[in-house]
1. Please state the shape class of region 63-214: rounded when a/c is under 1.5, otherwise prolate if a/b exceeds b/c and oblate if not, all from the C-alpha gyration tensor.
2. According to the square roots a ≥ b ≥ c of the eigenvalues of the Cα gyration tensor, what is the shape class of region 146-266, taking rounded for a/c under 1.5, prolate for a/b larger than b/c otherwise, and oblate for the remainder?
3. How many Å² of accessible area per residue for the chain, probe 1.4 Å?
4. Helix 346-356 sits at what angle to the longest principal axis of the chain, using alpha carbons and giving 0 to 90 degrees rounded to 10?
5. What is the extension gain from S285 to R255, computed as 0.36 nm multiplied by their sequence separation minus the C-alpha to C-alpha distance, in nm to one decimal?
6. Identify all lysines with a Cα-Cα distance to K347 below 20 Å; exclude those on the same chain that are fewer than 8 residues away in sequence.
7. If R0 is 25 Å, what FRET efficiency do you get for R168 and K116 from their C-beta distance, rounded to 0.05?
8. Compute the signed sum of charges (Lys and Arg +1, Asp and Glu -1) over the other residues within less than 13 Å, Cβ to Cβ, of I165.
Amino acid sequence: MEPLLKALHQKGYQNPTPIQEQAIPHALSGRDILGLAQTGTGKTAAFALPLLQLLATDGRPKVGTRRIQALILTPTRELAIQIADCFREYGQYTSVRHCVIFGGVKQKAQTDVLRKGVDILIATPGRLLDLMNQGFVNINSVQHFVLDEADRMLDMGFIHDIKKILPRLPEKKQTLFFSATMPPAIHTLSRTILKNPVRVEVTPVSSTVDTIDQYLYLVEKQEKKQLLVDVLKNQERQPVLVFSKTKHGADKIARILCKAGIGSEAIHGNKSQVARQRALTNFKSGRTQVLIATDIAARGIDIDRLGLVINYDLPDVAETYVHRIGRTGRAGHSGTALSFCSQEEQKLLKDIQKLIGKKLATLSVPA
């Protein structure tokens, strides 16, 4: 445990979050877990820390003879990279080796690492299946299986891939299953793969918004561009995440802001993985002040102190609003969410306010 404590001390890790407090003891004891927790609750550490401790104290085999003992499946490239970063930080003083694989990039760099042998594999479903079918990945020695963001897997159409992967895992293993919500298909999947699980649950998604200051601008669609520029120019330099409904819209917003002298980049599915990762790195490091994202592209964005989220377009699904603004106000920090609502979006606004159980405070559009 000493190497883990050293890494956690350097990272400034102090008090566990509720999901960590509930999940870690059960994970260390080998129990299956059904975890209801959304991104931003600290759930990555809730499975990363016990896995690292269990594997670090198990006696690592020599390089080249290692077999994959822990598999973490996650829906997006960005989330996979983020989880891998956590394992690197937490496990830096252990001998446990990890590898991350995802699509959208050439596979050679990933397969080169796999050939050397790894203990923990973090993967997106499509690339994992592809490399398994090519013979680069064997998961028949997995002792610990983590299915992360299961409801997002369903949203993105990965459930069929997961059902192809599951039969190739050993029957005897520990399974840690995390999801923000439990739609019927995910409930059925959890009952299929979990054995006598411990259920751990943190604050329901609809109440997390209570910690975030939420405001509304009622504005015509054509006036949104100027409003965004005005709002951002009045902000102290801090990272701002702006949500656009479409990929084309995200690119357009980035061009408008750059023309106004506000450093911005767009991130969406049409961008290459290299471009998306570069934009994310620039944003996290502060080189870029504003990141404009579509909902799917934003799923891997996790920044400790993101003070402001702006809904340039309101989402079609009210729950998406909660997921969007939940990227600020994390870990006890304050956060603010601004939403731009045009006449055509009034119904969407009503759905959002019904879900969160309150009306958004309306701000005056700057003159």
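1. Prolate is the answer for region 63-214, as a/c is 1.5 or above and a/b outweighs b/c.
2. Taking the square roots of the gyration eigenvalues as a ≥ b ≥ c, region 146-266 is prolate.
3. Accessible area per residue: 46 Å².
4. 50
5. Details: separation 30, 0.36 × 30 = 10.80 nm, distance 2.08 nm.
Extending this stretch completely gives an extra 8.7 nm.
6. Here the lysines satisfying the reach criterion relative to K347 are K221, K224, K245, K358, K359.
7. Numbers: r = 22 Å, r/R0 = 0.88.
That pair, R168 with K116, gives E of 0.70.
8. My count for the surroundings of I165 gives +3.
The values are calculated or read from the model by the stated rules, or taken from the named source; none is laboratory data. Everything quoted here is computed from the prediction, not taken from an experiment. FYI the Cβ positions are ideal-geometry reconstructions off the backbone, even for glycines, and counts take in every protein chain you see. Keep in mind that these areas ignore ligands, DNA and RNA; they rest on the heavy atoms of the full protein, side chains included. Shrake-Rupley method; radii C 1.70, N 1.55, O 1.52, S 1.80 Å.
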